[in-house]
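Take a look at the structure below.
The values are calculated or read from the model by the stated rules, or taken from the named source; none is laboratory data. Every value quoted in this text rests on a predicted model; they were computed, and no experiment measured them. We place every Cβ from the backbone using ideal geometry, glycine too, and count neighbours over all the protein chains shown. With ligands, DNA and RNA removed, areas are computed over all heavy atoms of the protein, side chains included. Shrake-Rupley method; radii C 1.70, N 1.55, O 1.52, S 1.80 Å.
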Amino acid sequence: MKCSRRNFLQKSIYGALAVTLPLTAFKILSPGEAAAALKESNLRWAFLVDTRKCVGCGLCVKACKNENEIPYDTPVTRTWVERYVVTRDGKTRIDSPNGARDGFTSPEMLGEKIDEKEITKAFFVPKLCNHCATPACVQVCPVGATYQAPDGAVLVDRTWCIGCGYCIMACPYGVRFFHPVHKVAEKCTFCYHRISKGMQAACVQACPFGVRQMGNIKDPDDPVTKIIMSERVGVLKDEYGTKPHVFYLGLDERVR
Amino acid sequence: MNDIIVHGLEWTSKDLFTYPNEFIYWSIQIVMYPYMTGLVAGAFVLSSLYHVFDQKDLKEIARFSLVFSLALLPVAAMPLLLHLQQPLRAMHPLMTPHFTSAISAFGIVFLTYALIVISEVWFVYRRHFVEQVKELAGEKGFGLRMKRNIFQILTLGAMDIEPEFLAKDKKAVRILAGIGIPVACFLHGYAGFIFGSVKANALWMSPLMPVIFIMSAVVSGIALCMLTYIIIMEYKKLKAVMAKGMGDESVQVIRGAEMEVISKSSRYLMSFLVAAISLEILDLIFRGYTAMKSWDILRSVMYGKDFVNIFILQYGLGNLVPFIILVLPGRTLRRVTLATVLILFGVFMMRWNVVIGGQAFSLSFSGFMHYHLPIIPHSLETFKEGLGGVLLVLSTPYILFYFINKFTPSLGGQREG
């Protein structure tokens, strides 16, 4: 066969296409096929926070940082507690010193002293990853390093994350950050390494007041599911369409 | 390796309530990324106006802007590499692209575009390569032999330069430039989509974002080509003056040709500028009029702490002033130079106000974050994402252009393109 330049170029293009084809063929799956591939799981983790019981001691934050090896003295944290103080003039003040790792030790908020008589209501709100049903962070990850397990937990593959930060930008709840040591996206995993072995999440176990609970929302007999199904619960920022799975009892409209 | 570094802590200061994990994660390199892609796209569009739409008045600058966009091309990806926390994994998006992500296709779009630019340059300069090979045929010196070898490789073995083959080249250039325009717009509109689709960010989320990005890209690209062209021609003029004296004919020729090119390009510059500003103002008015939940905090950022950045530096100094300069009759080279510098600055401020401004307020809408650009680096991170990184990115295209231009001379302008 005569190998002209035209011939050679043509063959090279076919060759290049042939090499890339198997890669792309793996990726193009219709949503239906993808759903069929992942077997319907009968487990879906959900979290319940009873804000009415929270006293802002910060033991959950402390436990989380130790359990999940987030450098203790850095400001970043997988979970944190916010303090809300509403005064008679209608103003809301919010703070979370050091993520409330050491609790709320000062009555001052952001350097401001508030007159006790002026306060109409005050409460604490623990925050963590919402493990959304349609997580924005998973949608935007360019390499699929962050993914959702069949039981609903949103996780990060530390060996594959490129550290672009797009997921951090996409999360409306601000739960993501770069791990100070591993330099990849980091977030609350519901203590996946513990719950998948039948243990409690570190924060759930550390809370002395039973503020934090976890359960399987697909099991109607689960005590947590029973509360979610029978009480008036709220979720954070549902306007983003992410379908969060951390449910709050006693959620105030001022909570951001 | 195991240093404890909280990314963003170095350059972020907080005001009122922000979530503990909120920092300015996307810093100066993400300002540079759309800025540089914009310059590439704009430079290419300018050259295509000649190759596709036969805008004869742009002939001189078209050749230069094509080669310059080739020099800018690798630099568009550089900020991303400097920004990544795991730069060694930069190729992962090509290996396991997750197509629901707006940035997963960056490599694909970018490489497609790169192929188009490279092939177009090749078709434009094939004749030159062949001529060089023939010219250097009998040379003895090692350097010249090497040079000939390089040119020989560059021809890819296509040595025919009879008129019929050159006509084919020309046709290929036209087709490539034609495909290149939508791809260049896509490359850049896509950068806009990356921001516009972040629903969590009240400032970024807008369907207008891609179009705004394209328009301002073309504006900045044309401005940069004009500015670089002026600088290089001024240098040539200076050389001619030094060699032959002020009154020499060649000096006048250069001066006349230069002014002609510049005043014709500035017409295109102005029309794209108007389009860009109109869209940006539309976006602003729409936000104010619909006044969604986020408007309170956006307003306090835009009309408050970022007022100088947005309205004085971007719209005023970066858009309005150069527009007036260009519109006023009796255009001079000096004034056009000033206008292009201001426009480049204005587009940079636009990128800055989008990227940094979008992170200037907390997701809780209850607090603010301020960005402090690291000037003097004291770690790799403060170099990469500081002034050092910016200067590196800004200077690289010129260094590349110097070398590329050795093989594809784009500033002589006698030959038929």
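Could you pull out the residue among A:K127, A:K121 that is open to solvent by less than 40 Å² (accessible area, probe 1.4 Å), in the same structural domain as A:V85 (by TED's automatic domain parsing), farther than 24 Å from B:P93 by Cα and at pLDDT 95 or above? Give the steps one after another, and end with the answer.
Details: A:K121 fails: open to solvent by less than 40 Å² (accessible area, probe 1.4 Å).
Among A:K127, A:K121, only A:K127 is open to solvent by less than 40 Å² (accessible area, probe 1.4 Å), in the same structural domain as A:V85 (by TED's automatic domain parsing), farther than 24 Å from B:P93 by Cα and at pLDDT 95 or above.
Only residues that are within 14 Å of chain A (Cβ to nearest Cβ) and either more than 13 Å from B:G357 (Cα to Cα) or not aliphatic (A, V, I, L, M) (or both): list them for region B:296-313, please.
B:D296
Looking at (1) touching a residue at least 40 places away in the same chain (Cβ under 8 Å); (2) open to solvent by less than 20 Å² (accessible area, probe 1.4 Å); (3) in contact with a Pro (Cβ under 6 Å, 6 or more places away or on another chain), which is the one condition that is false for B:S104?
(1)
Can you run down the residue pairs with Cβ atoms below 9 Å, 6 or more apart or on separate chains, where the first is in region B:110-127 and closer than 16 Å to B:A76 by Cβ and the partner is open to solvent by 50 Å² or more (accessible area, probe 1.4 Å) and part of a helix (DSSP H, G or I)?
B:L111/B:L94; B:T112/B:F186; B:Y113/B:F186; B:A114/B:P74; B:I116/B:I179
Checking B:D15 against (1) crowded, with 24+ Cβ neighbours inside 10 Å; (2) within 13 Å of chain A (Cβ to nearest Cβ); (3) not in a loop (DSSP other than H, G, I, E, B), which single condition isn't satisfied?
(1)
Restricting the search to region A:109-158, which residues are assigned to a loop (DSSP other than H, G, I, E, B) and facing chain B (nearest Cβ under 9 Å)?
First, the residues of region A:109-158 that are assigned to a loop (DSSP other than H, G, I, E, B): A:110-111, A:113-115, A:128-135, A:141-145, A:149-153, A:157-158.
Those that are assigned to a loop (DSSP other than H, G, I, E, B) and facing chain B (nearest Cβ under 9 Å): A:L110, A:C141, A:P142, A:V143, A:G144, A:A145.
So is B:V218 touching a Gly at 6+ places or on another chain (Cβ under 8 Å), of a type outside the set (D, E), open to solvent by less than 50 Å² (accessible area, probe 1.4 Å) and part of a helix (DSSP H, G or I) or not?
Numbers: touching a Gly at 6+ places or on another chain (Cβ under 8 Å): yes; of a type outside the set (D, E): yes; open to solvent by less than 50 Å² (accessible area, probe 1.4 Å): yes; part of a helix (DSSP H, G or I): yes.
When the stated conditions are applied, B:V218 passes them.
Return the pairs, sorted by first residue and then second, in which the second residue is of a type in the set (F, W, Y) and surrounded by fewer than 24 Cβ atoms within 10 Å (Cβ to Cβ), the first residue lies in region A:177-192 and is more than 8 Å from chain B (Cβ to nearest Cβ), the beta carbons are less than 6 Å apart, and the residues are 6+ apart or on different chains.
A:F190/A:W45
Looking only at residues that are in a loop (DSSP other than H, G, I, E, B) and either open to solvent by 50 Å² or more (accessible area, probe 1.4 Å) or more than 16 Å from B:W26 (Cβ to Cβ) (or both) in region B:374-405, which one is nearest to the other protein chains (Cβ to nearest Cβ)?
Here is the first cut: in region B:374-405, the ones in a loop (DSSP other than H, G, I, E, B) are B:374-379, B:385-386.
Of the ones still in play, those that are also either open to solvent by 50 Å² or more (accessible area, probe 1.4 Å) or more than 16 Å from B:W26 (Cβ to Cβ) (or both) are B:375-379.
Details: B:I375: 22, B:I376: 23, B:P377: 18, B:H378: 17, B:S379: 13 Å.
Top of the filtered list is B:S379.
Go through (1) among the aliphatic types (A, V, I, L, M); (2) in contact (Cβ under 8 Å) with a residue 24 or more places away in the chain; (3) over 30 Å from A:K91 (Cβ atoms) for B:A360 and report which single condition fails.
(3)
Is it fair to say A:G165 is at the interface with chain B (Cβ under 9 Å from one of its Cβ atoms), in contact with a Leu (Cβ under 8 Å, 6 or more places away or on another chain) and open to solvent by less than 20 Å² (accessible area, probe 1.4 Å)? Let's see the steps before the verdict.
Working: at the interface with chain B (Cβ under 9 Å from one of its Cβ atoms): yes; in contact with a Leu (Cβ under 8 Å, 6 or more places away or on another chain): no; open to solvent by less than 20 Å² (accessible area, probe 1.4 Å): yes.
The answer is no for A:G165.
Working carefully through the options B:E22, B:E10, find the one that is over 22 Å from B:R126 (Cα atoms), touching a Leu at 6+ places or on another chain (Cβ under 8 Å) and not hydrophobic (A, V, I, L, M, F, W, C). Step through it out loud before you land on a result.
Numbers: B:E10 fails: touching a Leu at 6+ places or on another chain (Cβ under 8 Å).
One residue alone meets the criteria, B:E22.
Residue under question is B:P87, and the condition is that it be free of Cβ contacts under 8 Å to residues at least 12 places away in the same chain, exposed (fewer than 14 other Cβ atoms within 10 Å of the Cβ), within 14 Å of chain A (Cβ to nearest Cβ) and under 26 Å from the mean Cα position of the chain (by Cα); does it hold?
Numbers: free of Cβ contacts under 8 Å to residues at least 12 places away in the same chain: yes; exposed (fewer than 14 other Cβ atoms within 10 Å of the Cβ): yes; within 14 Å of chain A (Cβ to nearest Cβ): yes; under 26 Å from the mean Cα position of the chain (by Cα): yes.
So B:P87 fits the description; yes.
Scan B:L320, B:L344, B:L238, B:L279 and give me the residue that is assigned to a helix (DSSP H, G or I), open to solvent by 70 Å² or more (accessible area, probe 1.4 Å) and within 30 Å of B:M369 (Cβ to Cβ).
On the way: B:L344 fails: open to solvent by 70 Å² or more (accessible area, probe 1.4 Å); B:L238 fails: within 30 Å of B:M369 (Cβ to Cβ); B:L279 fails: open to solvent by 70 Å² or more (accessible area, probe 1.4 Å).
Selected residue: B:L320, the only one of B:L320, B:L344, B:L238, B:L279 that is assigned to a helix (DSSP H, G or I), open to solvent by 70 Å² or more (accessible area, probe 1.4 Å) and within 30 Å of B:M369 (Cβ to Cβ).
As an exercise: evaluate B:K168 against (1) in contact with a helix residue (DSSP H, G or I) (Cβ under 6 Å, 6 or more places away or on another chain); (2) within 20 Å of B:S47 (Cβ to Cβ); (3) within 14 Å of chain A (Cβ to nearest Cβ) and give the number of the one condition it does not meet.
(1)
In region B:1-58, what count of residues is obtained for those that are free of Cβ contacts under 8 Å to residues at least 12 places away in the same chain, closer than 28 Å to B:F193 by Cα and out of contact with any strand residue (DSSP E or B) (no Cβ under 6 Å at 6 or more places or on another chain)?
Adding up the residues that qualify gives 1.
Being hydrophobic (A, V, I, L, M, F, W, C), in contact with a Leu (Cβ under 6 Å, 6 or more places away or on another chain) and closer than 25 Å to B:V347 by Cα: is that true of B:I277 here? Steps first, please.
Numbers: hydrophobic (A, V, I, L, M, F, W, C): yes; in contact with a Leu (Cβ under 6 Å, 6 or more places away or on another chain): no; closer than 25 Å to B:V347 by Cα: yes.
It is false that B:I277 is hydrophobic (A, V, I, L, M, F, W, C), in contact with a Leu (Cβ under 6 Å, 6 or more places away or on another chain) and closer than 25 Å to B:V347 by Cα.
Can A:P220 be described as part of a loop (DSSP other than H, G, I, E, B) and in contact (Cβ under 8 Å) with a residue 24 or more places away in the chain?
On the way: part of a loop (DSSP other than H, G, I, E, B): yes; in contact (Cβ under 8 Å) with a residue 24 or more places away in the chain: no.
Taking the combined requirement at face value, the residue does not satisfy it.
Quickly run through region B:139-165 and pick out the residues that are within 14 Å of chain A (Cβ to nearest Cβ), at negative phi and either of a type in the set (G, A, S) or touching a Gly at 6+ places or on another chain (Cβ under 8 Å) (or both).
Hit for region B:139-165 is B:A158, nothing else.
Please enumerate the residues belonging to region B:90-130 that are more than 29 Å from A:T159 (Cβ to Cβ) and either facing chain A (nearest Cβ under 7 Å) or acidic (D, E) (or both).
Result: B:E120, single match.
So is A:V204 crowded, with 20+ Cβ neighbours inside 10 Å and within 14 Å of chain B (Cβ to nearest Cβ) or not? Break it down into steps so the answer makes sense when it comes.
On the way: crowded, with 20+ Cβ neighbours inside 10 Å: yes; within 14 Å of chain B (Cβ to nearest Cβ): no.
So A:V204 does not fit the description; no.
Kindly indicate the residue of region A:52-88 that is assigned to a loop (DSSP other than H, G, I, E, B) and polar (S, T, N, Q) and also surrounded by the fewest Cβ atoms within 10 Å (Cβ to Cβ) among those meeting that condition.
Of all residues in region A:52-88, those assigned to a loop (DSSP other than H, G, I, E, B) come to A:54-58, A:68-79, A:88.
With polar (S, T, N, Q) added as a condition, the list becomes A:68, A:74, A:77, A:79.
Values: A:N68: 21, A:T74: 19, A:T77: 29, A:T79: 26.
Checked region A:52-88; the qualifying residue surrounded by the fewest Cβ atoms within 10 Å (Cβ to Cβ) is A:T74.
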